[in-house]
Structures are given as C-alpha cells and as structure tokens.
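The numbers here are math on the coordinates, done by the rules we state, and not lab data. What you see is a predicted model, and the numbers here were worked out from it, not measured in a lab. Glycine also receives a Cβ, built like all others from the backbone with ideal geometry; neighbour counts cover every protein chain displayed.
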Amino acid sequence: MLVRRFILFIIFCFMLSASSRLTIAEEVEIRKIPVAKGLASHPVNGGHCLISDGVYQYIAFYDGEHQINVGKRKLSETEWDMVKLPERVGWDTHNRILLFQDRKGHLHITGNMHCASLRYYRTKAPGDIHTFEGIHKWTGDYEDRVTYPTLLKLRDGSVYIMYRHGGSGNGMRILVHYNEETQQWAKTVPVFTNGRDRNPTCNAYPFGGILEDEKGVWHIAWCWRETPDVITNFDICYAKSLDRGLSWKTWDGRDSEMPITPENAYVVEPIKQNNGLINGGSLVVDSEGRPYIGYTRFDENGHNQMYITTPIDTKWKIIQLTDWKHRFYFSGRGTIPQYPPVPRVSITKEQNILVAYNNAYAKPGKGQLNLTREQLLTMKPGRYSVEKAKVAYHNIPNVRAVNRGPLPPGFTHYMQQEADSPNRDRRPDKPKGPTMIYVVEVKDRE
C-alpha cells in the first residue's frame, strides 16, 4: 500500500495534461486545471490571489512578460477568460498580488508595490474582469510608500486592508476600511508605528495579519524590526480589539496606548536582536478565543527551534516544540533565499493545534505535530514525534496560494507553479523561463 501511494503521488507531481484527475490511495481526488504560463524567475506569484464566490473562480498572477493577468472561470468548467492590467513587476518578490471581492460583487486588486505609490484597481461591473479601472487611491494619505497590503474580511463580509507605509525598519502599519455603498475607503487609527508622524524609526511585522474570532474580537501578533537587516527582528507582541480596530487592548484587558510602539507594546516574549527570530510566524485562534502564536528562534545553545506561545488565564506560556541540533543562520536585506523551520499553526475541526513546517534542514523535511491543548501545555521539547506532513497543502508541491471563498462541499483549491527560489530581489543570473500555473482541485473522499 505504501509503495502504491508513493507511485501515485509521483505520477501526480509530473502530470501535465489538462484537467487531469487522479485519486491518491482512495483518500482524495485531485484535478489539475492549467491556467497560463507565469513568471517563474522568482516566486512573486502568491499571496491572496486565488478566490471564489461559489459560482466563479478568479486568479491573478504575473505572466512571462512580468505583467499582471486576471483570469475567471466557472467552477464547473476549465476554460479561463483572461485580461491583462497595465502593471509590470521587476525582480522584487515583495510585490505580491492581493485580489478580493466585496459584498456587491466588485473585484479589487492591489499589488506590484514595495515602498512604492499605491497601485489599486476595481471593476466597474460586479464580477466583470474586463471592467477593471485604475483608481490608485484609498484615503489619499500615507499612500506614497506602500508595501504588504493584507486583507481582513470579516464574517459579515466587511473589508479592511492593513499595509505598511515606509520601509523595513522605518515604517508604520495603517488600517483602512471599505464602504461598499459609497465605494470609498476610510482610515482607522494606525495599528503600529514608531517615532512621530512620517519619521518612524522601527516597524512591525505582523504574523499573518489580523484575525477575527467567533465572537468578533480581533487578534494580532507581531515582531519588531529596527533596520532592513533581518537579524534586527526582536520581541513577540500581541494586541486585541473589541471595536474593529478603533482601539486596542492587551490580553489581560488593559487599554493599549496608541500608537503602539516597542516602548509601550504588550510583549509576550522578549527576544533580543540577532537571536534567530524570523518575521513570518503564524497566529491562530481557537473556538474559545484563545490565541496561539507560532515562531522560530534560537534556543540557549544557538540551535533553530520552533515555539508556540499561548495564554493561560492572564499569563502566557512559552512552549518549545522541537529539540533539533542544527543551526541555520540567516541575515541581510531583501527576500532571503532560505528560511529556518517556521511553524505554520492551524486549528483542526477537533480543536487540536496542528503545527506544520517545510524545511530542508529538519528531519523529516516536511513534518507536523497534532496536539491537544493539554498536550501542548504539558509537552517538553521533542516529547512528541514529528510526523511526515499528511495535510493536502504539504503533499502538493510548489503551492503558491490557497483559494479563499466558497467552493463545492469537500473541495480545497490551490494555485500551483514551479518557480525559482528568491534571489534577494535581484535579477537571477540565469532566469528561469515561464512555467505553467495550475489550479489544483482536491476533493476529500472521506
């Protein structure tokens, strides 16, 4: 049976035929739908760029000529309608695309920005990709040096975007809200900043953006960075909001001074610079509204380890998950080519904490831990064996994005494309030619 599963998986990885179907060990059914050839010289495709509304699916990507394309198809069909937007990316892997749909059905795209003026498009007609128009404005303030727009779509469909104004080590986070009735954006308070007005001296790197729990409470976790060099990351911080970002509190309910700075922030774990902390951790919240922050840093021996911190009553517990004996050091500016093992934390249907990672320096290279909260709170480093990753996301190679939005029951969709590793935002010596982008449909057969 194991041999059969392995053979079937290898066949899946190399199948290139349109709309091909494959069942892996009678557990899931997979169909690969080709989209178009996209930029593969660096993995700039990704982010929030594959969405659906229950009837149609939309995808956005950079093509082989570095130009933004938007595709649309019926979920029951395999043919794509395509349109090109007047945006061309260079070699910067920070310039990811954010595609979303509002409650009126209009499509929005922003992207191709790294410390650059806002680039923003919206359709005149709901769902019609041929009616995109360039607007390039939200509120008109703090929009000349935009990076990392991140979508927060609430349970009621309300749309917020958080983004950085300024640069790495000298930026602040801005939160804006979209009104579908007026088609206007409004700014709430800056979520994080440092310094005064337009002269910040530090910046925050949120771990995945803002999350809304089942009671409507917002949660966010982040680390700070003092300079553009990744080694200057420091401190794990947390805040929550009960009024949709108008004000923020600590976990134990105290009001946070606004704007939040490294000096007044609620620090969950103080971590000094040059201690292996990478921006890009993860944040999840369980059904009880309890947050779990996953991150990586060096242990006391200088080895890379994965950690989770979560509150018990009003205090936070720092939990070391692994007991690895290797050290992978990273430094510098731009998108680094290789990362330490960063935990990707999620909550299962059973409310277990699932911790998955993908890293060549660890064994197994793709692994996961599936723990109850009690197991997590009582574990010692290495107490529970790391298993090979079993979730579909980690079994599909070259995933660039996961579909956001309603799909037929039992389905998950991914954007898949083979691409080169990051090259610190510079043109590779030998750029890889365009490669085919696929939408991979995975149907759970349980």
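In table form, for the structure just shown:
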quantity: For the range 243-249, 3J(HN,Hα) per residue [Karplus equation, 6.51 cos²θ - 1.76 cosθ + 1.60, θ = phi - 60°, Hz, x = Gly/Pro]; calculated: 10, 6, x, 6, 9, 10, 10
quantity: FRET efficiency, residue 420 to residue 387 (Cβ-Cβ, R0 25 Å, nearest 0.05); calculated: 0.25
quantity: Ellipticity estimate at 222 nm from DSSP helix runs (n ≥ 4, -39,500 (n - 2.57)) divided over the chain, nearest 500; calculated: -1500 deg cm²/dmol
quantity: Residues 435, 348 arranged by fewest to most Cβ contacts within 10 Å; calculated: 348, 435
quantity: Fewest-first ranking of 329, 163, using other Cβ atoms within 10 Å as the exposure measure; calculated: 329, 163
quantity: GNM top mover of 92, 213, 429 - the chain, alpha-carbon springs below 10 Å; calculated: 429
quantity: Candidates 36, 186, 204: whichever shows maximal mean-square fluctuation once the chain is modelled as a Gaussian network with Cα springs under 10 Å; calculated: 186
quantity: Relative contact order (%) - criterion: Cα under 8 Å, at least six apart; region: the chain; calculated: 15
quantity: Lysine pair number, Cα distance threshold 27 Å (strictly under), the range 277-375, separation 8 or more or different chains; calculated: 9
quantity: Least to most buried among 158, 421 (fewest other Cβ within 10 Å first); calculated: 421, 158
quantity: Global form of the range 39-84, assessed from the alpha-carbon gyration tensor, a/c cut-off 1.5; calculated: prolate
quantity: Mean separation of Cα contacts under 8 Å (6+ apart) over length of the range 54-100, as relative contact order %; calculated: 34
quantity: Simple spin-label estimate for residue 373 and residue 215 in nanometres, 7 Å along Cα-Cβ; calculated: 1.2
quantity: From phi via Karplus (6.51, -1.76, 1.60), per-residue ³J(HN,Hα) for the range 363-380 in Hz, x at Gly/Pro; calculated: 10, x, x, 10, x, 7, 10, 10, 10, 6, 4, 4, 4, 4, 6, 10, 6, 10
quantity: Charge tally in the Cβ shell below 9 Å around residue 90, where Lys, Arg are +1 and Asp, Glu are -1, residue 90 excluded; calculated: 0
quantity: Simple label model, 7 Å out from Cα along Cβ direction - residue 36 to residue 303, nm; calculated: 4.9
quantity: Modelled FRET efficiency - R0 51 Å, residue 317 with residue 429, Cβ distances, 0.05 increments; calculated: 0.60
quantity: In the range 44-137, the trypsin sites (Lys or Arg not before Pro) that fall in loop regions by DSSP, at most 15 other Cβ within 10 Å; calculated: 103, 104, 124, 137
quantity: Extension gain (nm, one decimal) between residue 264 and residue 133, 0.36 nm per residue minus Cα-Cα; calculated: 43.0 nm
quantity: Mean Cβ count within 10 Å, highest first, over the residues of peptides 230-238, 128-136, 380-388; calculated: 230-238, 128-136, 380-388
quantity: Three-way shape call for the range 54-163 based on the alpha-carbon gyration tensor, with the a/c threshold at 1.5; calculated: oblate
quantity: Within straight-line cross-link reach of residue 72, aspartates and glutamates at Cα separation under 20 Å, skipping those fewer than 8 residues along the same chain; calculated: 53, 63, 81, 87, 102, 128, 133, 441
quantity: Relative contact order for the range 80-128, counting Cα pairs under 8 Å that sit 6 or more residues apart, in percent; calculated: 29
quantity: GNM result for the chain, Cα springs below 10 Å: residue of 183, 67, 101 fluctuating most strongly; calculated: 183
